[in-house]
Every structure is written in structure tokens, then in C-alpha cells.
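Read the structure below first, then the notes.
The values are calculated or read from the model by the stated rules, or taken from the named source; none is laboratory data. None of these values were measured; they are calculated from a predicted model. With ideal geometry, Cβ positions are generated from the backbone for all residues, glycine too; neighbour counts draw on all protein chains shown.
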Amino acid sequence: MHRWTADFVKRSPQGERFEALAERITDCPGFMEACGFDAASTPQLHAVAFWTSHEALHLHYEEALVRRDEASGRAFGGSAHLLWIGERTREIGGAHVEFLRGLANPVGIKPGPKVTADELLPLLDTLDPEREPGRLVLITRMGAGKLPEKLPALVRAVQAAGRTPVWCCDPMHGNTVTSANGYKTRDFANVAGEVRDFFAVHAAEGSHAGGLHFEMTGQDVTECRGGAQGLTDASLAERYRSACDPRLNGSQSLELAFMAAEMLKAARR
């Protein structure tokens, strides 16, 4: 583990953790200047582009927010920049696919472990008949241990069809379980394992691992088991705050970020 992450995790009181984080953030401008960045003349350090995405599940809501661009005549879903469909909504000829087919937004598809190439390729043809670069994002959500078995065949089929979607990994939703004491949770080791497998499969197939999708928070919650803090079933009741899905907490998120950074660095080498 990165030394800073270890120091951060070892401090048990929440206030001390965030005090340490604040000190590190304060050090960032000096670090950037040492790297040659002038904060005063670099606009990127003062602004951020913010993009939104969600599942296009409730069509009455989505349809009410569709707007047509007068110059191009193209229709855009106004509820988010990128809309996606999942296992329950990807049926060709179904209402959700038909709705997204008519929008000019980038579109995401979340293939699970049961999807086959024979199902996926016609879906790509339906949603992106013009093969527009950047139109499709394939967000795999296979589950730990299943991804190495299922993903290679899909990557090969998509490549053979001449398709170049953005490949993304969602290691959260395929790894949801119920703890012995009744909490909806995820194991950090399974989340991290699916990320490692995602990078490994794309490296082996000559494809490109283009993105990661996490559910996380900077708060010191106890919703996912494991990680450097060693959270257990008994830990979940301490600070379980989510009203929906369990999230990685601050230290687990940092641990995963450093792991992903090391894999990207290794890939560049």
C-alpha cells in the first residue's frame, strides 16, 4: 500500500483522518508548482468539467426531458449526458432500447455475465448503426471470478465486428451480497479483483481498458467489508448510511485508486 494511504488508514478517529487529508490537500499547490504547473496561468486548475450519467429506467421521466437541437434536428435526453441500459432493459425492440436509439447522447450498455456475443452485437447495431466514434460505452458488470471467463469472448466478438466502443468496468453491482447480519454489502477484495481481471483481459486481447465505474464516498462509512481497515460483518452496523447501495468509504476508495494508478503505470511501461 502507498505510504500516505497507510498513514491515513491507521488514524482511527474520523477527525484525525480528515485533518491529515486536509494537510495533504494544502500541500498540493506546492507540489504542482514543483512539477512546473503555474496555478495562476493554468485555467484547468481552477475549473472542472462535470458530467452526469444514470440508467434510463423510468421512461416517462426521461421522455419529459428530451429536447431537440434546432440547428441539427437531433434529439437529446436532457436528464444526463450519458444514459445507459442494463440487464433488465436491453431487449431489442423493447421500449428502453427504442427510446435510446432515437437520442444523440452517448449510450451505455451494462452487459452482465449471462450476455452472449449473439445478443450483444445486434444491440450495438441497433443503438449505433452509423458506428459513430464515442457513441457506445460497454460497462461490464460480471462479478468477481466470472469476468475472466465471460469477457474475453465478448471482446473478441466486438473486435471481429469492427466495433470500437469504450470499454468500462463496474466492479460493484456484480459483487453485491447479504452479510450474515442482514446488511447489503460488497467485499473490497472482490471489487479490487474484478478491476485487476478487467485490465488483464484487455491487455491479453489487445483491447483498451477505458474506464472504471465505482460507488464511493469520502465519508467514513462502514458499508463494504474488507480493505485496509479490515471491516467485518460486525463493522457494518457502526456507520451504515446508504439508503440504497453500499459504497466504498474514503480509505477504501483511496486504496483502490492507488491500485488502479499502479496498473495504469505498469501498462504504460
Problem - Qualifying positions in the range 242-253 - in a helix (DSSP H, G or I) and in contact with a strand residue (DSSP E or B) (Cβ under 9 Å, 6 or more places away or on another chain) - result: 250, 252, 253
Exercise for the section: Could you tell me whether the range 205-216 includes any residue that is hydrophobic (A, V, I, L, M, F, W, C) and either assigned to a loop (DSSP other than H, G, I, E, B) or without any contact (Cβ under 8 Å) to a residue 24 or more places away in the chain (or both)? Expected result: yes
Practice task
State whether one or more residues within the range 243-258 are at pLDDT below 95 and over 20 Å from the mean Cα position of the chain (by Cα).
Solution key: no
Completion exercise
Within the range 149-185, restricting to residues that are touching a Lys or Arg at 6+ places or on another chain (Cβ under 9 Å) and without any contact (Cβ under 8 Å) to a residue 12 or more places away in the chain, the one that is surrounded by the fewest Cβ atoms within 10 Å (Cβ to Cβ) is 178
Practice task
State yes or no: is residue 224 modelled with pLDDT of 95 or more and more than 23 Å from residue 149 (Cβ to Cβ)?
Solution key: yes
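Within the group 109, 25, 92, which residue is under 23 Å from residue 123 (Cβ atoms), out of contact with any His (no Cβ under 7 Å at 6 or more places or on another chain) and modelled with pLDDT under 95?
Numbers: 109 fails: modelled with pLDDT under 95; 25 fails: under 23 Å from residue 123 (Cβ atoms).
The unique qualifying residue is 92.
Any residue in the range 74-87 that is surrounded by fewer than 11 Cβ atoms within 10 Å (Cβ to Cβ) and either outside the structural domain of residue 193 (by TED's automatic domain parsing) or out of contact with any Ser or Thr (no Cβ under 8 Å at 6 or more places or on another chain) (or both)?
Initial filter on the range 74-87 (surrounded by fewer than 11 Cβ atoms within 10 Å (Cβ to Cβ)): none.
Looking for residues that are surrounded by fewer than 11 Cβ atoms within 10 Å (Cβ to Cβ) and either outside the structural domain of residue 193 (by TED's automatic domain parsing) or out of contact with any Ser or Thr (no Cβ under 8 Å at 6 or more places or on another chain) (or both), one finds none in the range 74-87, hence no.
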Problem - In the range 162-199, the residues that are more than 30 Å from residue 235 (Cβ to Cβ) and not in a strand (DSSP E or B) - result: 162, 163, 164, 165
Fill in the blank from the handout: Scanning the range 228-241 for residues that are in contact (Cβ under 8 Å) with a residue 40 or more places away in the chain and either surrounded by fewer than 19 Cβ atoms within 10 Å (Cβ to Cβ) or part of a loop (DSSP other than H, G, I, E, B) (or both) gives 228, 229, 233, 234, 237, 240
Exercise for the section: Count, please, the residues in the range 89-115 that happen to be within 30 Å of residue 145 (Cβ to Cβ), surrounded by fewer than 16 Cβ atoms within 10 Å (Cβ to Cβ) and in contact (Cβ under 8 Å) with a residue 24 or more places away in the chain. Expected result: 2
